Amino acid sequence: MTLLQKARLKSPWVMHFDCGGCNGCDIEVLAALTPKFDVERFGIINIGDPKQADVMVLTGPVNHKNKRVLRDLYEEVPDPKMVIAVGTCACTGGIFHNCPNILGGVNKVIPVDVYVPGCAARPEQIIDGVVLALKKLAGEAPEEDE
Amino acid sequence: MDYTATLISATLALAAPLIGGLLMGVDRKLTARMQERVGPPLAQPFYDALKLWGKTAIIDSSLQPVLAFGYLGFALVAAGLVTFRQNLLLVLFVTGMADICLTVAAFNAKSSYSYLGGRREFLAMLSYEPVMLLAYIAIFLVTGSFTIRGIYEYGAPLLPVLPAALVALEVVLVIEMKKSPFDLSGYAHQELVRGVFTEFSGYTMALIELGRWTKLATALMILSLFWAPSPVIGAAISLAMFFVALIVDNLYPRLTWQRMLRTTWAVGFVLIVLNVVALAVGGVIR
């Protein structure tokens, strides 16, 4: 592993975007960023600036209003980047599946690297998802599900 | 200046970004401990900068990289001026040039967040530069010279003579480190996305980070001059002030820029003028 790869694994800066869910997953994402879980020990910072982010954490189903915003944000994040869909809605559309105003999961608009299912996904699962994304970034094959 | 002294000064100036980066790591670790967290590893700022360097940069104008290099360049020149014991006023102006590079780059981007951040950065400069200038004038009145060499030649430590000036410079240090209660322009916890840093990405942000480390190291080196005869006690003073800045950061919420300007000028001007008046009455300044 080169030094640059190690640095990438050691400092994933997260940008969190809510595509329009019920905010349950957003609260869990923010819970994962509180001192109790202390994600900064892995170098994770909630940066909020797409131009400096490495990992996109997306919650909620995509609708016709915000698919353009989501695509813009995805293109603003410089490579190498990882996309994590947090929650059932972001994964598949969830309870909003087949609604006329809903496109479905995030993967209808942009490529997704890691899916974290759950309604709402727990903070531990979200941190686990970020770790899985980092493994993918390092080029390791993620283990088959346990 | 003989050969070894020149070599030491040059090494110290070039090591300034590394020292500053390590201090940033200490900052994050100590802040985490104050919040009952474990905190990131000590080398975290270096990982961050290296990762930023390796990322694709989104350059919004051809001027942006030039200004990012300018920020680091001017910061390094200021560090060099301190280690080569040059004029304090020149250090102030060169550091100011570095800040102007940053703000011009922020203004140059077509982004309202970066524009607002740049405006706040200018207001921060407006707050602390007059106080710094006044502190340097107080040092001049005591030692009879604006040069750092003059402070060394003065012989006696400055802290017993100018304690209030050091307190005023502590406020300046908090603003320079972009810490609460004065963290308006850059790290305002996403109040303006990333404020003045919003439009930097990839290697330009890495350069800005390096520049910030250099500026931190330079500011602490200037503070250590308050006990110039002994570099060890000087370093201890500057590290103590660094620690106080971290405590202040964790204790106070963010102020508006109006309050920042008022606090800095009121505290800084009054303290330094009182200090100088006391010295004049006591007969230290003739």
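The values are calculated or read from the model by the stated rules, or taken from the named source; none is laboratory data. None of the values given here were measured: they were computed from a predicted structure. In this analysis, Cβ positions are derived from the backbone assuming ideal geometry, glycine residues included, and neighbour counts consider all displayed protein chains.
The number of residues in the range A:32-52 being in contact (Cβ under 8 Å) with a residue 60 or more places away in the chain and within 12 Å of the chain's Cα centre (by Cα) comes to 0. Note on the range B:127-155: residues that are in contact (Cβ under 8 Å) with a residue 40 or more places away in the chain and not in a helix (DSSP H, G or I) amount to 3. No other residue among B:VAL244, B:VAL270, B:VAL248 is more than 20 Å from the chain's Cα centre (by Cα) and either of a type in the set (A, V, I, L, M) or surrounded by fewer than 17 Cβ atoms within 10 Å (Cβ to Cβ) (or both) apart from B:VAL270.
Evaluate the range A:37-59: report whether one residue or more is more than 26 Å from B:LYS51 (Cα to Cα), more than 9 Å from every other protein chain (Cβ to nearest Cβ) and assigned to a loop (DSSP other than H, G, I, E, B). Looking through the range A:37-59, none of the residues is more than 26 Å from B:LYS51 (Cα to Cα), more than 9 Å from every other protein chain (Cβ to nearest Cβ) and assigned to a loop (DSSP other than H, G, I, E, B).
A quick yes/no check of all residues on (1) under 14 Å from the mean Cα position of the chain (by Cα); (2) more than 23 Å from B:MET205 (Cβ to Cβ); (3) not aliphatic (A, V, I, L, M):
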residue	(1), (2), (3)
A:LEU3	no, no, no
A:LEU30	yes, yes, no
A:PRO61	yes, yes, yes
A:VAL77	yes, no, no
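If you go through the range A:14-25 and keep only what is out of contact with any helix residue (DSSP H, G or I) (no Cβ under 6 Å at 6 or more places or on another chain) and farther than 30 Å from B:GLY54 by Cβ, you end up with A:GLY20, A:CYS22, A:ASN23, A:GLY24, A:CYS25.
In the set B:VAL281, B:VAL196, only one residue is under 24 Å from A:TRP13 (Cα atoms) and modelled with pLDDT under 90; that residue is B:VAL196. Applying the set (1) of a type in the set (A, V, I, L, M, F, W, C); (2) away from chain A (no Cβ under 14 Å); (3) farther than 25 Å from B:TYR47 by Cβ to B:PHE242 leaves exactly one unmet item: (3). Scanning the range B:27-42 for residues that are within 8 Å of another protein chain (Cβ to nearest Cβ), under 23 Å from B:MET205 (Cα atoms) and within 22 Å of the chain's Cα centre (by Cα) returns a single hit, B:ARG28.
The residues in the range B:187-210 that are of a type outside the set (Lys, Arg), within 11 Å of another protein chain (Cβ to nearest Cβ) and either closer than 14 Å to A:LYS51 by Cβ or crowded, with 21+ Cβ neighbours inside 10 Å (or both) can be counted, and the count is 16.
Let's see how each residue does on (1) at pLDDT below 90; (2) surrounded by 23 or more Cβ atoms within 10 Å (Cβ to Cβ); (3) of a type in the set (Gly, Ala, Ser):
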position: A:CYS89; (1), (2), (3): yes, yes, no
position: A:GLY105; (1), (2), (3): yes, yes, yes
position: A:ARG122; (1), (2), (3): yes, no, no
position: A:LYS136; (1), (2), (3): yes, no, no
position: A:GLU144; (1), (2), (3): yes, no, no
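B:ILE137 - would you say it is more than 20 Å from B:GLY20 (Cβ to Cβ) and modelled with pLDDT of 90 or more? Criteria met by B:ILE137. Applying the condition of being among the polar types (S, T, N, Q) and surrounded by fewer than 21 Cβ atoms within 10 Å (Cβ to Cβ) to the range A:38-75 and asking which residue is nearest to A:LEU137 (Cα to Cα) yields A:ASN46. Residues in the range B:198-219 that are touching a Lys or Arg at 6+ places or on another chain (Cβ under 9 Å) and not acidic (Asp, Glu): B:THR198, B:PHE200, B:SER201, B:GLY202, B:TYR203, B:MET205, B:ALA206, B:ARG212. Taking the residues in the range B:156-178 that are part of a loop (DSSP other than H, G, I, E, B) and buried (at least 20 other Cβ atoms within 10 Å of the Cβ) as candidates, determine which candidate is farthest from the chain's Cα centre (by Cα). For the range B:156-178, the residue satisfying everything is B:VAL161.
Taken over the range B:46-69, the criterion of being more than 10 Å from every other protein chain (Cβ to nearest Cβ) and in contact (Cβ under 8 Å) with a residue 24 or more places away in the chain is satisfied by B:ILE59, B:SER61, B:LEU63, B:GLN64, B:PRO65, B:LEU67, B:ALA68, B:PHE69.
Conditions tested, residue by residue: (1) touching a strand residue (DSSP E or B) at 6+ places or on another chain (Cβ under 7 Å); (2) assigned to a loop (DSSP other than H, G, I, E, B); (3) more than 8 Å from chain B (Cβ to nearest Cβ); (4) small (Gly, Ala, Ser).
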| residue | (1), (2), (3), (4) |
| --- | --- |
| A:LYS6 | no, no, no, no |
| A:VAL14 | yes, no, yes, no |
| A:CYS22 | no, yes, yes, no |
| A:ILE27 | no, no, yes, no |
| A:LEU30 | no, no, yes, no |
| A:PRO35 | no, yes, no, no |
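Count of the range B:75-103 residues, restricted to those that are in contact (Cβ under 8 Å) with a residue 40 or more places away in the chain and under 21 Å from B:SER201 (Cβ atoms), is 4. When the residues of the range B:98-143 are filtered to those that are crowded, with 19+ Cβ neighbours inside 10 Å and of a type in the set (Asp, Glu), the one that is nearest to B:ALA75 (Cα to Cα) is B:ASP99. Checking the range B:87-101 against the condition returns no match, with no residue being away from chain A (no Cβ under 13 Å), of a type in the set (Ser, Thr, Tyr) and in a loop (DSSP other than H, G, I, E, B). Filtering the range A:76-87 to residues that are in contact (Cβ under 8 Å) with a residue 24 or more places away in the chain and either within 14 Å of chain B (Cβ to nearest Cβ) or surrounded by fewer than 24 Cβ atoms within 10 Å (Cβ to Cβ) (or both) leaves A:GLU76, A:VAL77, A:PRO78, A:PRO80, A:LYS81, A:MET82, A:VAL83.
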